[in-house]
Amino acid sequence: MGQRDLTGDWGRRLSPSLEEIEALAIEAYAALPTEFRALSGEIRFHVADFPEDEVVEEMGLESPFDILGLFEGRAVGALGTPQTGEMPNRILLYRRPILDYWAEHEESLGTLVAHVLIHEIGHHFGLSDDDMEALEAATD
């Protein structure tokens, strides 16, 4: 029997860029049920290597690796009249903590990004963890 090539093209690959993580998030968002996407309104996606220091401090995190994503904005039920200077809702994904989590767990990067995205959108709608799990199961 011949030896199995375990390196594939990994020997030439770099870790996914901010843009590649964003592309995975856009792909995951497109896979969500149409009704869910219609209800979510305009959500902007932003990928950064780490959360801002203020986020780490406000959330009382021990490390910037302790958060994979964050929803910024107001939940749908609280939208009402926009406040002056209010920014549109957005979901932030943190590349380095996501990659660190990915390295420690047995799931694909695309599945992980979808999980984080669904979890953050779930916060947008005030969904329970059970609701979010059902939504993830429906997109598999």
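The values are calculated or read from the model by the stated rules, or taken from the named source; none is laboratory data. Keep in mind that what you see is a predicted model, and the values were worked out from it rather than measured. Using ideal geometry, Cβ is built from the backbone for each residue, glycine included, and neighbour counts are taken over all protein chains shown. We work out accessible area using only protein heavy atoms, side chains counted, and drop any ligands, DNA or RNA first. Shrake-Rupley method; radii C 1.70, N 1.55, O 1.52, S 1.80 Å.
Kindly indicate the residue of the stretch 31-57 that is closer than 14 Å to Ile121 by Cβ and of a type in the set (A, V, I, L, M, F, W, C) and also least open to solvent (accessible area, probe 1.4 Å) among those meeting that condition.
Result: Leu32.
Looking only at the stretch 91-140, which residues are under 16 Å from Phe45 (Cβ atoms), touching a residue at least 40 places away in the same chain (Cβ under 8 Å) and either assigned to a loop (DSSP other than H, G, I, E, B) or open to solvent by 40 Å² or more (accessible area, probe 1.4 Å) (or both)?
His119, His123
Whether any residue in the stretch 8-30 is at pLDDT 95 or above, open to solvent by 70 Å² or more (accessible area, probe 1.4 Å) and of a type outside the set (A, V, I, L, M, F, W, C) is what I want to check.
The answer is yes, given that some residue of the stretch 8-30 is at pLDDT 95 or above, open to solvent by 70 Å² or more (accessible area, probe 1.4 Å) and of a type outside the set (A, V, I, L, M, F, W, C).
How many of the residues making up the stretch 88-140 are among the small types (Gly, Ala, Ser) and under 20 Å from Ser63 (Cα atoms)?
Counting residues in the stretch 88-140 that are among the small types (Gly, Ala, Ser) and under 20 Å from Ser63 (Cα atoms) gives 1.
Identify all residues within the stretch 102-130 that are touching a Leu at 6+ places or on another chain (Cβ under 6 Å), at pLDDT below 90 and more than 20 Å from Asn89 (Cα to Cα); write none if there are none. Reasoning before the result, please.
Of the stretch 102-130, the ones touching a Leu at 6+ places or on another chain (Cβ under 6 Å) are 102, 110, 113, 116, 118.
Remaining after also requiring at pLDDT below 90: 118.
If the condition is that a residue be touching a Leu at 6+ places or on another chain (Cβ under 6 Å), at pLDDT below 90 and more than 20 Å from Asn89 (Cα to Cα), then no residue fits.
Return the residues of the stretch 101-140 that are among the acidic types (Asp, Glu) and closer than 20 Å to Glu72 by Cβ; say none if nothing qualifies. Let's see the steps before the verdict.
Kept after step one, since they are among the acidic types (Asp, Glu), are these residues of the stretch 101-140: 104, 106-107, 120, 129-131, 133, 136, 140.
The answer is Glu120, and nothing else.
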